[in-house]
Amino acid sequence: MKLKSTIKQIKDLDMETEIVIKELRADHALLAEHEKRLKTLFKNDSQELINTKIHNIVIRDNLFNEIMMRIVPCFEVTFDGDEVKQTTENFKKQMPDRTPEVLDMIARRTIIKTLVFGELIKLWGITASDEEVRKSLEQYYQFSNESIRQYLDDKEKFEAIRSVLLEEKTANELIKRFKHRFDLKMPRQPSPDTNEKK
């Protein structure tokens, strides 16, 4: 879907300066959504395996967010007011408990991500063929056992899956291209008080 908001690159991407992740951040509501989705897709997985997959998602999300913080200042975005308003309303239906300020922030970040990804897809020549889309749908069917016929027969839904696949490939490319490492510190354990009176 073509957005009304626009974007212009104003600086080169800095992919050489190393990104260091020193702590992991996660939203509890989002973690609950991940758990619900994974339990639906992987019905036979143990809770321990589900937790491992959630942990891997958190690690990836933290790295991705740091990369986006590096990238976004390289672009200038001009928001379309009506588009921001409509996107905010869409998120309000999904997250009715969030404040208007938070919903507006989420809407703007979503628009920025879509625009930035669009530029990167063109810059790096990222594609998703019909065959890749069909393969992705077949993998989904194997995991979920849910019918994929509606996506194969409906061009609009088929193209929506292509967009998701392009987004996934772009995120993978970002993680591959930007130098990064994790330097996570374990929480310090309180040392025993050697002067404690018995």
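A few points about this structure:
- Evaluation of ARG37 against (1) among the basic types (Lys, Arg); (2) more than 30 Å from SER144 (Cα to Cα); (3) under 19 Å from the mean Cα position of the chain (by Cα) (one fails), failing number: (2)
- Residue selected from the stretch 29-58 under the condition under 24 Å from MET95 (Cβ atoms) and of a type in the set (Val, Ile, Thr), by the criterion surrounded by the fewest Cβ atoms within 10 Å (Cβ to Cβ): THR40
Residues checked against (1) of a type in the set (S, T, N, Q); (2) more than 30 Å from TRP124 (Cα to Cα); (3) in a strand (DSSP E or B):
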site	(1), (2), (3)
GLU16	no, no, no
ARG25	no, no, no
GLU33	no, yes, no
ASN44	yes, yes, no
ASN51	yes, yes, no
MET69	no, no, no
PRO73	no, no, no
VAL77	no, no, yes
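- Within the stretch 5-16, the set of residues being open to solvent by 70 Å² or more (accessible area, probe 1.4 Å) and under 19 Å from ASP183 (Cα atoms) comprises GLU16 only.
- In the set LEU174, LEU115, LEU184, only one residue is open to solvent by less than 100 Å² (accessible area, probe 1.4 Å), touching a residue at least 40 places away in the same chain (Cβ under 8 Å) and outside any helix (DSSP H, G or I); that residue is LEU184.
- ALA107 within 30 Å of HIS180 (Cα to Cα), small (Gly, Ala, Ser), assigned to a helix (DSSP H, G or I) and open to solvent by less than 60 Å² (accessible area, probe 1.4 Å): yes
The values are calculated or read from the model by the stated rules, or taken from the named source; none is laboratory data. Given the structure is predicted, the values throughout are model-derived calculations rather than measurements. All Cβ positions, even for glycine, are placed from backbone atoms using ideal geometry, and neighbour counts span all protein chains on display. When the accessible area is computed, the model is the full protein with side chains, heavy atoms only, and any ligands, DNA or RNA have been set aside. Shrake-Rupley method; radii C 1.70, N 1.55, O 1.52, S 1.80 Å.
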